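Coordinate-derived values only; no laboratory data. Keep in mind the model is a prediction, meaning the values are calculated, not measured. FYI the Cβ positions are ideal-geometry reconstructions off the backbone, even for glycines, and counts take in every protein chain you see.
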Amino acid sequence: MRGMVGAAVLCLGSPFALAGEEKSLEQIQADYQEYLYASYEGGRMPEADRLMDFVMAAYEQVDAAEDAEQAVAALHLVMEMSSKAEGGMVADWQDAADRLSNEYVDEPSLALVIDSLGYVPPALEGPRDEFLEMVAAETTNDEVRAAVCMGTAKRILREDLMGGCDEKDAAQLPGLLDKLAADFGEVEDPYGRGNFATMASRMKYEWENLRVGSQVPDLAGVDGDGVPFKLSDYAGKVIFLDFWAHW
Amino acid sequence: MFPHERSLVNNLKDEPFVLLGVNGDSDPEALKKMNEDQDITWRSFANSHDSYDSAISQRWNVNGWPTLYLIDANGKIRNRWLGNPGDQVLDEAIAGLIEEAKGSETEKAGA
């Protein structure tokens, strides 16, 4: 019966626990993800009222947290949720960011929060940049400092890929990549993409060889029949190159 | 994206244009099966058949799929997109570069 009650609550989509049945942060996150996917699949933006319910439930978990890592995870969820409303729920996002930079600036798991800030809605770009500056200035934790540096470099590359980054960012990127390799090279990416020295060298390759206006570097490999070929086999033609996969 | 790419390949078969892929599935065998199942007639590199580190997508720092590059007839990168920008944007960008390529061929022929 308990399972059925849980299912009924899920259908109603309420993020709040039934009386006496406290929901874990993981459960709130799962309910929220389910709501988010259902909205997008139905071609709708998630509704601000519903997101606010989720934000409040996540906020309760900040105060209920047993340690700093749990509190950071709950605040991370608040930021994630409040960035999903149309235009972004700026005040809630800012509030969570302020708590992170005031209370948890030396907590290593803050690196995961920073890693997720590469894309935010336009209304949150200013607050995001201020948050990162504040964290960089205040933290004494090397993993967090490394994450700020990596996060900023990834954001600039992403903006360049999405249509061009601004001149100030373009000017600071080479220095950031050098710093990543020199100061934080041994730091491991939390998602297993290699250490920061490896990642910085890939990012540098992209910046120096693959921006709009660059002469394309050659590619060599094999096709589905195992036959070797090169990009330069098609020199003289317009080439549309699609990085694709079935997933 | 496949149906539009299929029509690009058909419609532009007599033009100085080629569609090439880098397939992120695991190996050439998986790519061969995908090509057959999905009726993919254009050529793709198997992204990674030696090791994770030698993968083309790693070297090109590709972090999202699809990532698209449009290269002109002189080998210069002219556009790139993270995610499909839509058929119309692609068609116009490709058509513009084909016109450029044919224009410079005519110049050479006339010179």
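At a glance:
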{"item": "Distance from segment A:61-99 to segment B:6-81 (C-alpha centre basis), Å", "result": "39"}
{"item": "Exposure proxy ranking, count of Cβ atoms within 10 Å, fewest first, for A:184, A:131, B:45", "result": "A:184, A:131, B:45"}
{"item": "DSSP bridge orientation in chain B - percent antiparallel, rounded to nearest 5", "result": "55"}
{"item": "Using a Förster distance of 41 Å, the FRET efficiency for residue A:38-residue A:233 (Cβ separation, nearest 0.05)", "result": "0.30"}
{"item": "Relative exposure of A:152, B:41, judged by other C-beta atoms within 10 Å (fewest first)", "result": "B:41, A:152"}
{"item": "Förster radius 25 Å - calculated FRET efficiency between residue A:197 and residue A:106, Cβ distance, rounded to 0.05", "result": "0.55"}
{"item": "Kirkwood hydrodynamic radius (C-alpha pairs) into Stokes-Einstein, chain B, 37 °C and 0.692 mPa s, D in µm²/s", "result": "211"}
{"item": "C-alpha long axis of helix A:196-209 to longest principal axis of chain A, angle in °", "result": "50"}
{"item": "Shielding by other protein chains, A:194-203, mean Cβ within 10 Å", "result": "2"}
{"item": "Residue among B:74, B:84, B:63 with the largest mean-square fluctuation in a Gaussian network model of chain B, springs linking Cα atoms under 10 Å", "result": "B:74"}
{"item": "Within the protein assembly as shown, percent of DSSP bridges classed antiparallel, to nearest 5", "result": "60"}
{"item": "Full-extension gain in nm, residue A:215 to residue A:130, via 0.36 nm per residue minus C-alpha separation", "result": "27.0 nm"}
{"item": "Cross-link reach list, lysines versus residue A:204, counting only Cα pairs under 26 Å and skipping chain neighbours closer than eight places", "result": "A:154, A:168, A:179, A:230, B:76"}
{"item": "Prolate/oblate/rounded label for segment A:104-247 (Cα gyration tensor, a/c 1.5)", "result": "prolate"}
{"item": "Residue B:67 long-range amide H proximity, modeled H, under 5 Å", "result": "A:243, B:83"}
{"item": "Fluctuation leader among A:147, A:65, A:73 - chain A, Gaussian network, Cα springs under 10 angstrom", "result": "A:65"}
{"item": "The protein assembly as shown shape via C-alpha gyration tensor axes, a/c threshold 1.5", "result": "prolate"}
{"item": "Residue-averaged beta-carbon neighbours from other chains (10 angstrom radius) around A:155-163", "result": "3"}
